[in-house]
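Structure record follows, encoded as structure tokens.
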Amino acid sequence: MTILFVSFFAMLLVGIPVAAVMGISSMLYLMSQGMDVLTIPQRMFAGVDSFSLMAIPLYIFAGEIMNRCGITRRIFNFASEIVGFLAGGLALVNVLASTMFAGISGSTSADVASLGVMEISGMTEVGYSRSYATAITCASATIGSIIPPSILMVLYSSITGISCGKLFIAGVVPGLMVCVSQMLYCYYKAKTDPEHCDGNYRPKFNLKRLLVAAADAIPALIMPGIIIGGTLSGVFTATEAGAVAGLYGVLIGVFYYHEFHFSDLTDTVKSTAFMVGQSSLIFSSTSAFSYCIAILQVPNKLSIFIAGLTSNPYIIMLLMIFAMMIIGCFMDTTPAAIIMVPIFQPLAASFGFDSIHFGMVMVLTFIFGGITPPVGATLFIASSVGGVSLAKLVKDMWPLILLFFIVMMLVAYIPQLTTTLPMLVS
């Protein structure tokens, strides 16, 4: 265990890519035990040889199509007509647009990369400080992995075998809680610090413009309903839902928006293949690392250790959250999830926690790691997109990080927030 984890964290701190870190540390462990290192490529292949994981490239493909159809612009305009007339208008639009786009992208990184440039430039042009605009963009992007469809939920489902449809529907309330908390914060900041947190753009509410913007954006916003409805009704699996979403994206892009052409299709396939190639390398190397963890019986040993500390389920939940937060601060969201789910999900089940509820706690915790230093991937992407130093970004992010933490703890200790909707639809 010492060889596996010391080599893992040492290489991680040096800055070696995560996929290589997990592969090398796994190889060192197997060699130290006199085991055949050919086990590593075998486990790597097994890690990506999954029907459930096929949903990820399909959702990415659907999101890319929607982005190339001008959906980001249409969603932003629709959100602007809904809340743009309020104090802190464009900040509120930023959060609401991210919430709407979450039902298409399924990814925090995709949200920052797609909407980020438009949102940040739009806010700074009308008087918002660039660091504040970037902080709001970074924080609102977290909703992309909570509101269904969510790539993190697909991963959790593929590892645990838990219904992906139920996980999707369980994310609705937490996602809306994050959205509402951030919008209230934006409104408060606009009132208390208008010089930096409010702009000079304040359009009047116009019902006609709202209806026109809605007609332009709603066809794309139907996609989450197709995915969730089809999955929960049993018409298709979560993976097949990704294919249906991709086909739907092509159809509305070609026949409704008339902005998607053959050249766009080839570019979309290339972009999707690039992103999937990166994630697949991480999935495969993580599978080899998880195999070593299983050999070492880390979940059982951790369960015994935590049970020896306390039998109070509330304290046990807190300990697991803090452990995942620490891991999430040093690793990207995807590899952190793939490594920690096989460890903590059986542990949570042994203490009687509902699998859907704990799945949402894990999803929120890993997203939280993405917006906290020192290795928060979402922070670095937002810093790059916004052209703001990490120090300035983090300074404006702390209140939003605290709000997300509060929502995360409410979800952790009020299971009904995530279990009620899945129970109702089942």
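Within the chain, what whole-number % of the accessible surface is contributed by carbon and sulfur, with the 1.4 Å probe and all protein chains included in the calculation?
Of all accessible area on the chain, carbon and sulfur atoms account for 68 percent.
Under 1.5 on a/c is rounded, so check that first for segment 45-104, then, if it is not, pick prolate when a/b is larger than b/c and oblate when it is not; a ≥ b ≥ c are the square roots of the alpha carbon gyration tensor eigenvalues.
Prolate shape, in that a/c is at least 1.5 and a/b is the bigger ratio.
In segment 304-344, which residues have a backbone nitrogen under 12 Å from the label point lying 7 Å from SER350's Cα in the Cα-to-Cβ direction?
Flagged as within label range: 304-309, 343-344.
Mind checking the full-extension length gain between TYR413 and LYS395? Use 0.36 nm per residue of separation minus the Cα-Cα distance, one decimal, nm.
Additional length available on full extension: 3.6 nm.
Have a look at PHE205, PHE61, PHE101 and tell me which one the Gaussian network model of the chain (Cα, springs below 10 Å) gives the largest fluctuation.
Sorting by GNM fluctuation, first place goes to PHE205.
So for ASP198, ASP216, ASP49, what's the accessible-area order with a 1.4 Å probe, most first?
Heavy-atom accessible area, descending, gives ASP49, ASP216, ASP198.
Could you tell me the convex hull volume per residue, in Å³, taken over the Cα atoms of segment 122-265?
Cα-based convex hull of segment 122-265, divided per residue, equals 164 Å³.
Quick check on segment 20-142: take the gyration tensor over C-alpha atoms, sort the square-rooted eigenvalues as a ≥ b ≥ c, and tell me if it's rounded (a/c under 1.5), prolate or oblate.
In terms of gyration-tensor shape, prolate.
What does the accessible area of ARG202 come to, in Å² to the nearest 10, when a probe of 1.4 Å is used?
In the full protein context, ARG202 sits at about 100 Å².
Using 0.36 nm per residue of separation minus the Cα-Cα distance, give me the extension gain between LYS204 and LEU13 in nm, one decimal.
Length difference between fully extended and current span is 63.6 nm.
Enter the per residue convex hull volume of segment 282-426, computed from alpha-carbon coordinates, in Å³ rounded to the nearest integer.
Value for segment 282-426: 136 Å³ per residue.
Out of LYS166, LYS189, LYS204, any idea which swings most in a Gaussian network model of the chain, alpha carbons joined below 10 Å?
Taking springs between Cα atoms under 10 Å, the residue moving most is LYS204.
Rank these by accessible area, largest first, 1.4 Å probe: MET340, MET118.
Ranked from most to least accessible, the order is MET118, MET340.
Just from the alpha-carbon atoms, what are the Rg and Dmax of segment 6-55 in angstroms?
Calculated on Cα positions, Rg and Dmax stand at 12.8, 37 Å.
Find how much the distance from SER50 to VAL269 grows on full extension, using 0.36 nm per residue of separation minus their present alpha carbon separation; answer in nm with one decimal.
Taking SER50 through VAL269 to full extension adds about 76.8 nm, to one decimal.
How many nm is it between the label spots at LEU247 and LEU424, if each spot is 7 Å from the Cα in line with the beta carbon?
According to this spin-label approximation, the distance is 3.0 nm.
Separation between the VAL180 and PHE255 pseudo-spin-labels, each 7 Å from Cα along Cα→Cβ, expressed in nm?
Calculated label separation equals 3.8 nm.
May I ask for the net charge around THR419, where only other residues with Cβ less than 11 Å from the Cβ of THR419 are counted and Lys, Arg are +1 while Asp, Glu are -1?
0
Pick from SER284, SER109, SER129: which is most flexible by mean-square fluctuation in a GNM of the chain where alpha carbon atoms under 10 Å apart are linked?
Sorting by GNM fluctuation, first place goes to SER129.
Once both labels are modelled 7 Å past Cα along the beta-carbon direction, what's the ALA294-VAL117 spacing in nm?
Distance between label points: 4.3 nm.
Please calculate how many Å² of accessible area segment 49-123 carries per residue, with a 1.4 Å probe and no DNA, RNA or ligand atoms counted.
25 Å²
Using only the alpha carbons, work out the radius of gyration and Dmax of the chain in angstrom.
Rg then Dmax for the chain, in Å: 21.5, 72.
At 1.4 Å probe size, with no ligands or nucleic acids counted, give the accessible surface of TYR257 in Å², nearest ten.
Spelled out: TYR257, probe radius 1.4 Å, area about 20 Å².
Please name which of ILE321, VAL154, SER287 has its Cα lying farthest along the dipole of the chain towards the positive end, using unit charges on Cβ (Lys, Arg +1; Asp, Glu -1) and the Cα centre as origin.
The residue sitting farthest along the positive end of the dipole is ILE321.
Starting from 0 in steps of 5 Å, tell me what percent of the Cα-Cα pairs of segment 172-224 lands in each bin.
Result returned by the calculation: 4, 15, 12, 15, 22, 21, 9, 2.
The values are calculated or read from the model by the stated rules, or taken from the named source; none is laboratory data. Nothing here was measured: the structure is a model prediction, and the numbers come from that model. Ideal geometry is used to build each Cβ from the backbone, glycine not excepted, and the neighbour counts take in all protein chains shown. All accessible areas refer to the heavy atoms of the entire protein, side chains included, with ligands and DNA or RNA removed. Shrake-Rupley method; radii C 1.70, N 1.55, O 1.52, S 1.80 Å.
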